[in-house]
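For reference, the structure is listed below as structure tokens.
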Amino acid sequence: MKNILISSFVTIILLLPSGKSAFGLGISLIRQDSAAGMPAEQPSYSSPIYQLINRLGGTDIVVDTAVAKNQLFNYRLSLECYNTTGRKDYLIYNYSYSLNRLVLANTFGFGFIRTRFVRLWAGPQLAFSYEFMNRSSSILNSMVYNKIGAVVGVNFHTGEETTLGFELGFRTGLGFDLHKSIFQTILNAKPEPIASIKLIFRSWDTFVPSVL
């Protein structure tokens, strides 16, 4: 399912009219957290380095209207896909399951520092997520969340066509269980940290100094 959504997202982006619009298309490594409202993943006693890599195990596809361009406002659209594996151990039996989350995030950034080599920006984020547990090819505990938060980011331009970006922030919100009436269940999402490293490929997106 995740692969189908990613392929569809890329296809839509490739079909967008090129013209002279500036944008960046990228992939990233994002911080992974247990889906809100679901059982937490069983703790691992592996090395701290492995745990860090495991926490940065998500996939993120990004489109940004101004990665390096010398303009104040940028709109960033990202599709985030998370998948972690958990395990329940009981006295008589045990079973494994996966926690899955798809997040469509809309970020509205304002570039306060803009140079040929770096862009420092910050702004609000509005996100929508679909979260579920998968066990034995069955989808369980499906939930939908609306989330709002704030993000600060910095883009380091490593060339005329590539940028290395870092993001930090948080988001939280409300949701409901798809198996129940919206009037029967309103769920509070715990504050969720945002941390990501993005490799962004740019097209028609270059820094041009302001002419006084």
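Readers should treat all values here as calculations from the given coordinates under stated rules, not as data from a laboratory. Note that the structure is predicted; figures quoted are calculated from it, not measured. All Cβ positions, glycine included, derive from the backbone under ideal geometry; neighbour counts span all protein chains shown.
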Subject >> Estimated inter-spin distance, residue 148 and residue 199, nm [label 7 Å along Cα→Cβ] >> reply: 3.6 nm
Original post:
For region 99-160, what D do you get in µm² per second when you plug the Kirkwood radius from alpha-carbon pairs into Stokes-Einstein at 20 °C and 1.002 mPa s?
Top reply: 152 µm²/s
Original post:
Counting only residues 5 or more places away or on other chains, whose amide H sits under 5 Å from the amide H of residue 170 once H atoms are built in the peptide plane?
Top reply: 150, 194
Subject >> Per-residue Cβ neighbour rank within 10 angstrom, fewest leading, 79, 72 >> reply: 72, 79
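What ranking of 90, 130, 145, 75 emerges when the number of other C-beta atoms within 10 Å of each C-beta is taken as an exposure proxy, fewest first?
On the way: 90 7, 130 17, 145 24, 75 14.
In order of increasing Cβ crowding within 10 Å: 90, 75, 130, 145.
For an R0 of 30 angstrom, estimate the FRET efficiency from the Cβ-Cβ distance between residue 160 and residue 106 and round to the nearest 0.05. Write out the running numbers ahead of the final one.
Numbers: r = 27 Å, r/R0 = 0.92.
So the FRET efficiency works out to roughly 0.65.
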Original post:
Between residue 120 and residue 190, what FRET efficiency comes out of the Förster formula 1/(1 + (r/R0)^6) with R0 = 30 Å and r the beta carbon distance, rounded to 0.05?
Top reply: 0.60
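Taking other Cβ within 10 Å of each residue's Cβ, how do 118, 151, 62 sort, fewest first? If you can, show how the numbers build up before the last one.
On the way: 118 15, 151 21, 62 27.
Fewest-to-most Cβ neighbours within 10 Å comes out as 118, 151, 62.
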Original post:
Mind listing the phi-derived Karplus ³J(HN,Hα) values for region 162-169, rounded to whole Hz, using 6.51, -1.76 and 1.60 with θ = phi - 60°, and x for any glycine or proline?
Top reply: 10, 9, 9, x, 10, 10, 9, x
